[in-house]
Structure formats: C-alpha cells, structure tokens
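Participant: The structure's right below; bear with me while I get my questions together.
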Amino acid sequence: MKNLRQDLQQREQQGLYRNRMLLQGPQGREIILNGQKVLNFCSNDYLGLANHPELTTAFIEATQHYGVGSGSAHLVNGHTKAHHALEEELADFCGYPRALLFSTGYMANLGIAQSLLSKGDTMIEDRLNHASLIDAASISHAHLMRYLHKDYDSLRKKLMRCESGEKLVSSDAVFSMDGDEADIASMINHCQAHDALLMLDDAHGFGVLGKDGRGSLSHQHIASSDVPIYMATLGKSLGTAGAFIAGSEELIEYLIQTARCYIYTTAMPAAIAAASSTSLKLLKQENWRQQALHKNIDYFKLLAAQAELNLLKSNTAIQPVMIGDTKTAADISQQLLNKGLHVAAIRPPTVPENTARLRVTLRADHSRQDIEQLVEALSQKESVN
Ligand SMILES: *Cc1c(COP(=O)(O)O)cnc(C)c1O
C-alpha cells in the first residue's frame, strides 16, 4: 500500500501541495476568499456571466418548472425540453448540424475518444493539451502520440508513423495554461492529407473569440465543415456548467448510442441548460463584453511589456507570467494575495517542470485601475526575486 502520509509530506516540501480556498459569495471582479476581499485574476468567468441577474432568473424559473434534479440519464427520462433547446441553439450558433450536451468538459473529452477509438487506433495530441484530452486517450485504449507544441511538422511526422487503425488528432484551440492558439488551418491540412479525424477543444475560445463569441473557428475564419468534432465548455465564458460536442448528424447519433460518459450519467439539471441558453442569448445580443475583455487584454499586455514582465505570446484572456521555479511561483502568488490580488500559481504536473507560472486571467469587468494595480505588484515581485 502506498504511504499516503509520506507522499503528502513530500508534496508539501516541494511546494506542490494544493489547498482549496473558501469562496464566500459569487464569482466576480472582486471576490471574498477565506474572508478576505480580493481582486479576481484567476477565474474562467471571462465575461462576468456566472453571476449575471438574467442567468440567475432563468435558473430559478427553470427550477420552479423542472425541479432541481434531472432524475435520470438523458437516455432514460432526464432529457428535458430545456436541454434539447440548448443543443439546437448551440449547434446553430457554432454552425454545425447537431450538438450534444455533456455534464462536464472532462466527460465530453473522455466520451468522444472512448466512443470513436479502440485498441489499435491512435490519438495524436499536442503536448500541451488539457489533462482531459490526455486521459481520453487512456480510457479509449488507443495508442497516444504527442507532438511538439504547435509544431505541425511534428504532427505530420506522427501521422506518417501511423500505419493502421483510426487516427484522431486533438488539440486545445486556446491552450489552457499558455493562452496561445492552435493554427487550425495547418491542422486541417495535415489531417485531410493523412485521413485523420480532427477534434478541437475550444473551452477557452468559445464565448470570447470570433463573431459574438462563436469561438476559435470563427476567429480563424475556418469553416465548421473542416473540423468534424468541435467541443466547448459552458462553465467558462458562458458562466454556467457542462459542455457540448458539435458535429454531424451521424457523429452525434453515434455518441448518443455509444459514449459511456453520456449514457451512464445523470443529465445536468435542466436549470443549468436554461441558464446556458440565456448566456447564449446575451452573447448574441450584447457583444460589448467581448470588446471590453479584449481591451483589457491589450491594456494588460501593454503595461506588462513596459514593466518587462516575462509573458508568453498570448492574445487571449489567459496571460501567464512565467516564473520557472515552483516554490517561487507559489510564494509570489501568496504575496500577491496578501496585497488583495488573487492570481493562481500553476505548477507541475499541470505544466512541465521548471515552467511554473502565474496564470493571470482577465475579465470584461476589470477596470484599468485593477490592471494597473496588478502589473505594479507583479513588477515589484519580479525585482525581488
Ligand atoms: C476546463 C477545460 C476542460 C474541462 O471542462 P470542465 O467542464 O471544467 O470539466 C476541458 N478542456 C479544456 C481545454 C479546459 O480548459
């Protein structure tokens, strides 16, 4: 039996111990964490919708109509009109024939791989893909190959090494810990040339990039018909919870028949679906939030460059400040917190060794002053270390 206590002690010594802080109240620009009011620079609620009054109202009204729990899986009798309407709205918004809801993005990624692949097949992934895509390969029993980050020649070489079986190429569209974007056109070219299926995970692009937040495909001017499998989550910029996969009629029907993460789990509450429909409506009607977010991203990058912070190349809401050493990153994060600024330190194994970073995420409702305060605190920290 593994010595749990020893393992925990080692983690603590290495600065890898993870603690949960208590959030008292809703997500927002300002939050109350462990009793302290802090500026929030680490949620994925980029547009500030998680606590939007219209979403709350939609949620409450749907709860009054459907109750709280959905009571069963989608295939038994948990699939309500609210779920069905959201699927149709998502498919329409993203430009696909169909969409299918999953209770979480993690499960959607496991579901697609398990459904489409088996032993003898290969899943080819960017080295920096989200953990759920890596785990998806193991649940599918397919062979996992990883290519160098955004190195599409490395992808091509991996594709050439697959002699038999199905090939599924998958990538984050916006990388969750780096904030940079996959070059989708290159991926499409290589996949088409090697008869591989392409899947994109747009958890961090959907809602914030492209026309009215239609996501990375719209942003990079890609036709949805060139990306057979599109996945995005609802828990980030849409401010609710859950995820969906969009694709062809056949893909979605096949997932309904075979994806175990879809079949053997309770449907998300109908109220979550109803609130998500309201988010989608707000995206279409009020695109000032995306504009405000992008202004904030630009302002942060400008100030950070002036302060000579070590940023990665990112044009998205995820703006990591590279630190390197794990313990230093954790210490700086704590010092920032003491000053009322909450920025998460991201450490191995979430990111590669020696690439610990402060993962700054921006929101539409940050003020210029918030950003100034952050950059000032960050530049003081960097000169100390
Ligand atoms: C957050 C995230 C997921 C998982 O989505 P959940 O709904 O939180 O389970 C999957 N992929 C990426 C890239 C993510 O950032």
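Participant: Could you work out the relative contact order of the chain, using alpha carbon pairs under 8 angstrom and six or more residues apart, expressed as a whole percent? Spell out each step's value before the answer.
Facilitator: On the way: 772 pairs, mean separation 86.0, N = 385.
Over the chain, the number comes to 22 percent.
Participant: Determine the dipole magnitude for the stretch 121-193: charges of +1 sit on the beta-carbon of Lys and Arg, -1 on that of Asp and Glu, nothing else is charged, the reference point is the Cα centre, and the result goes in debye to the nearest 20. Spell out each step's value before the answer.
Facilitator: Details: 8 positive and 13 negative charges, 62 e Å.
Dipole size: approximately 300 debye.
Participant: So, one more: Percent of Cα-Cα pairs more than 19 Å apart in the stretch 153-240, please.
Facilitator: Pairs farther apart than 19 Å: 39 percent.
Participant: How do 34-40, 229-235 rank on mean C-beta neighbours within 10 Å, highest first?
Facilitator: Going by the mean number of other Cβ atoms within 10 Å, highest first, we get 229-235, 34-40.
Participant: Okay, next question. Could you compute Rg(Cα) / (2.2 N^0.38 Å) for the chain, with N its residue count?
Facilitator: Taking N as the residue count of the chain, the ratio is 0.99.
Participant: Antiparallel versus total DSSP beta bridges in the chain: what percent is that, nearest 5?
Facilitator: Roughly 60 percent of the DSSP beta bridges within the chain come out antiparallel.
Participant: For the chain, what is the charge dipole size about the Cα centre, in debye to the nearest 20, if Lys and Arg each add +1 at the Cβ and Asp and Glu each add -1 at the Cβ?
Facilitator: 880
Participant: For Cα pairs less than 8 Å apart in space and 6+ apart in sequence, what is the mean separation divided by the residue count of the stretch 67-285, i.e. the relative contact order in percent?
Facilitator: The value is 29 percent.
Participant: Stokes-Einstein diffusion coefficient for the stretch 62-157 at 25 °C in a medium of 0.890 mPa s, Rh from the Kirkwood formula over Cα pairs: what value in µm²/s? Kindly include the intermediate steps, with their values, before the conclusion.
Facilitator: Values: Rh = 15.8 Å.
Using the Kirkwood radius from Cα pairs, D works out to 156 µm²/s.
Participant: Rounded to whole Hz and in sequence order, give me ³J(HN,Hα) for the stretch 228-245 from the Karplus expression 6.51 cos²θ - 1.76 cosθ + 1.60, θ = phi - 60°, writing x for Gly and Pro.
Facilitator: x, 10, 10, 10, 8, 10, 9, x, 9, 5, 6, x, 10, 6, x, 7, 8, 10
Participant: Can you list the aspartates and glutamates whose alpha carbon sits under 15 Å from that of K81, skipping same-chain ones fewer than 8 residues off?
Facilitator: Straight-line reach from K81, under 15 Å: E61, E89.
Participant: Under the rule of at least 5 residues apart or a separate chain, name every residue whose amide H is placed under 5 Å from the amide H of Y46.
Facilitator: S237
Participant: List, in order, the whole-Hz ³J(HN,Hα) value for each residue of the stretch 307-323 obtained from phi through the Karplus relation with A = 6.51, B = -1.76, C = 1.60 and θ = phi - 60°; use x for Gly and Pro.
Facilitator: 7, 6, 6, 8, 8, 7, 7, 9, 10, 9, 5, 8, 10, x, 9, 6, 10
Participant: Using modelled amide H (1.01 Å from N, peptide plane; none on Pro or chain starts), what sits under 5 Å from the amide H of F102, excluding residues fewer than 5 places away?
Facilitator: Under 5 Å from the amide H of F102 lie the amide H atoms of A243, F244, I245, each far enough along the sequence or on another chain.
Participant: Considering only I297, M1, G179, whose Cα is most displaced toward the positive end of the charge dipole of the chain, charges sitting on Cβ of Lys, Arg (+1) and Asp, Glu (-1)?
Facilitator: After comparing all options, I get M1.
Participant: Could you work out the pair-distance distribution P(r) of the stretch 67-285 from its alpha-carbon pairs, with 10 angstrom bin width and percents rounded to whole numbers?
Facilitator: For the stretch 67-285, the pair-distance distribution reads 9, 37, 37, 15, 2, 0.
Participant: Using modelled backbone amide H atoms (1.01 Å from N, in-plane), which distant-in-sequence or interchain residues come within less than 5 Å of A344's amide H?
Facilitator: Placed amide hydrogens put R359 under 5 Å from A344.
Participant: Ok, one more. Taking the Cα centre as origin and putting +1 on Lys and Arg beta-carbons and -1 on Asp and Glu beta-carbons, what dipole magnitude results for the stretch 67-285, to the nearest 20 debye?
Facilitator: Rounded to the nearest 20 debye, it is 300 debye.
Participant: Same structure, new question: Ordered by residue, what ³J(HN,Hα) values in Hz, to whole numbers, does the stretch 120-125 give under the Karplus form 6.51 cos²θ - 1.76 cosθ + 1.60, where θ = phi - 60° and Gly and Pro are x?
Facilitator: Whole-Hz 3J(HN,Hα) from phi for the stretch 120-125: x, 8, 10, 10, 10, 10.
Participant: Students often check this: by mean Cβ neighbours within 10 Å, which of 353-365, 6-18, 58-70 ranks highest, and how do the rest follow?
Facilitator: 353-365, 58-70, 6-18
Participant: Just going by the charge dipole of the chain, with Lys and Arg at +1 and Asp and Glu at -1 on Cβ, which of Y230, M199, L374 is farthest out on the positive end?
Facilitator: Ranked along the dipole, the leading option is L374.
Participant: Have a look at G120, T350, V208 and report the one farthest towards the positive end of the charge dipole of the chain, computed about the Cα centre with Cβ charges (Lys/Arg +1, Asp/Glu -1).
Facilitator: Of the listed residues, the answer is T350.
Participant: If you don't mind, there's one more thing I want to ask. Convert 20 °C to kelvin, take the viscosity as 1.002 mPa s, use the Kirkwood radius over C-alpha pairs of the stretch 191-345 as Rh, and evaluate the Stokes-Einstein diffusion coefficient in µm²/s, rounded to a whole number.
Facilitator: So the translational diffusion coefficient is about 116 µm²/s.
We did not get these values from a lab; they are worked out from the coordinates using the rules stated. This is a predicted model, so every value here is computed, not measured. Neighbour counts run over all protein chains shown; Cβ positions are idealised from the backbone, glycine included.
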